Amino acid sequence: MNANILKFELRMKLKSALIWSIAVVAVSLIYLGLYPSLVQEADLLDQALANFPPQFLQAFGMQNLNMSTIMGFYSFVFLFIQVLLAIQALMYGFGLVSVEEAEFTADFLLSKPVTRTQVLTSKFLAAFIALTVTNAAVWASSLVFLEMFDAGRGYDRHAAILLLSSIVIFQIFFLTAGVAISLLLKRVRSVTPYAMGLAFGMYLLGAFSGMLGDVKLELITPFKHFDPNAIIQNNAWNFSLVAISIAVIVIAIVISYWRYLHRDIPAVA
């Protein structure tokens, strides 16, 4: 690790981390703020959900969803938070190395007395710290809003902690996947299309696995590895699926370092 690179990368990412933090806090506030009024008609809402096709409910993680409890309602809200977290992590991942290569500044950085391992490690650490800022915002806002809007009914704190604890592995999965894919590609001209495409693609894979009942698709996407509704209902993680996420993270990190250490870095002609 190189302290100067770490500080520079953190300065570059701090503003975006704060913006993403505000976004996830706003989503939590807007949706959870609706719960006190919705809970008064919770029985009618549950009846309405029962009339939806099972495939539709499975696609959006709403099967067996108990809207009369704030944790049941929050499991639905948490899906939107996961999508935002995935996009943020992927944008950091795809841009970790590719932005400098696209702007032809990578050769200048590597001309300094630092190794490629130090460069990539510093960048990884800076991205992780930035993601942790957003993670902390999700934790703080979620716990505060759950207390504020539980309508006096209380909630399962253990389930809430389990759900929020899943964020770290979820973020690292998409961060490392983004870095690995960007290094496997010849050039990433724009980060946003790749990040949006992969995030929503993974979400749709999770939705289709629920609709089609195809367990194989669940092995691919962390949206199923950390299914909010399943975590709250079972009050536990599915460690078999979590292990897949961890395995992908390890493989992606190995690929990233191997590719970066052997990559031809474009230079200004």
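The values are calculated or read from the model by the stated rules, or taken from the named source; none is laboratory data. Just so you know, these numbers come straight off a predicted model, no measurement behind them. Ideal geometry is used to build each Cβ from the backbone, glycine not excepted, and the neighbour counts take in all protein chains shown.
The set of residues from the stretch 241-262 being modelled with pLDDT under 90 and surrounded by fewer than 14 Cβ atoms within 10 Å (Cβ to Cβ) comprises L261, H262.
Look at the stretch 135-156: where a residue is under 23 Å from L85 (Cα atoms) and a partner is at pLDDT 90 or above and among the β-branched types (V, I, T), sitting 6+ places away or on another chain with Cβ atoms under 7 Å, you get N135/I167; N135/V168; A137/V24; A137/V25; V138/V24; V138/I81; V138/I167; S141/V25. Scanning the stretch 171-199 for residues that are modelled with pLDDT of 90 or more and farther than 18 Å from V248 by Cα gives M196, G197. Taking the stretch 204-233 as the range and being farther than 30 Å from T121 by Cβ, assigned to a helix (DSSP H, G or I) and modelled with pLDDT of 80 or more as the test, the residues that pass are L204, L205, K224, P228, N229, A230, I231, I232, Q233.
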